[in-house]
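What follows is a short report on a single structure.
The values are calculated or read from the model by the stated rules, or taken from the named source; none is laboratory data. What you are looking at is a predicted structure, and each value in this text was computed from that prediction instead of being measured. FYI the Cβ positions are ideal-geometry reconstructions off the backbone, even for glycines, and counts take in every protein chain you see. Only protein heavy atoms, including side chains, enter the accessible area calculation; ligands, DNA and RNA are left aside. Shrake-Rupley method; radii C 1.70, N 1.55, O 1.52, S 1.80 Å.
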Amino acid sequence: GGYFGGVDADTFGGISATQFNQHYLGTGFTIYIVCKSDETNVTGGGDYLIDFRGNGLCGGTTNRFYIKVNAGDEHLKCNLLDYSCGGTGSELNSGEDFGTGHHVVMVELRIGTNESKLYIDNVLKDTTTVNATSIVSLAGAVTEGTMALGGQCLASSLGGGASLSQLAFKGRIYEVHMYGHGNNTTLHPNQKEYLRMYFNWKYGFNLPA
């Protein structure tokens, strides 16, 4: 084992010497990101807010989940890419320039036709359908699970090495909330309302109910 200079993972609360957890990103997942882009002309592969890579359900092929500001049109895009089970991407697209203002981005992943959703500032922007078998393992084992906040994970990050990144988000990421739920559920409406009020109070936003 050894994540921190040869110290076993279970020294820091992991479930074994070489593994932190058995979590995965898939259906029944909600993420909030409070951010501000400073970029008005995104080029190349885009500016990544967050990027996850990990094994899929059907084998060792690396699946991905990311949220980024797209190059060219500056739309905010989110995708769950399933390479392991013969699936395809499940893309969400804001359909408009993300701009340089302060925003609260929220993505829900849930099984069902158009049950996965992208919100910006509490306004629904897009829906898509996610395959029930599409997951990204975040198990923390030495052969899988890595993420980058404010950049894109490099494929070479897998295999127990550091989480290297590129295509950095040019701006500010103030906070990130991630919630995993069982039984294909997402946050209860009351919980979403508490978060809306919290963001309005903390940042002076006027997010609609």
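Just checking: which of the strands (runs of 3 or more DSSP E) contained wholly in segment 39-118 hold 3 or more residues that are open to solvent by 40 Å² or more (accessible area, probe 1.4 Å) and free of Cβ contacts under 8 Å to residues at least 24 places away in the same chain?
Details: elements: 47-56, 59-69, 75-81, 89-97, 102-109.
The strands (runs of 3 or more DSSP E) meeting that bar number zero.
If Gly204 satisfies all but one of (1) touching a strand residue (DSSP E or B) at 6+ places or on another chain (Cβ under 8 Å); (2) on the phi > 0 side of the Ramachandran plot; (3) modelled with pLDDT of 95 or more, what's the number of the condition it fails?
Evaluating Gly204 over (1) touching a strand residue (DSSP E or B) at 6+ places or on another chain (Cβ under 8 Å); (2) on the phi > 0 side of the Ramachandran plot; (3) modelled with pLDDT of 95 or more leaves (1) as the failure.
Give the residue that is nearest to the chain's Cα centre (by Cα), with candidates limited to residues of segment 168-209 that are without any contact (Cβ under 8 Å) to a residue 12 or more places away in the chain and assigned to a loop (DSSP other than H, G, I, E, B).
So, considering only residues that are without any contact (Cβ under 8 Å) to a residue 12 or more places away in the chain and assigned to a loop (DSSP other than H, G, I, E, B), the one nearest to the chain's Cα centre (by Cα) is His188.
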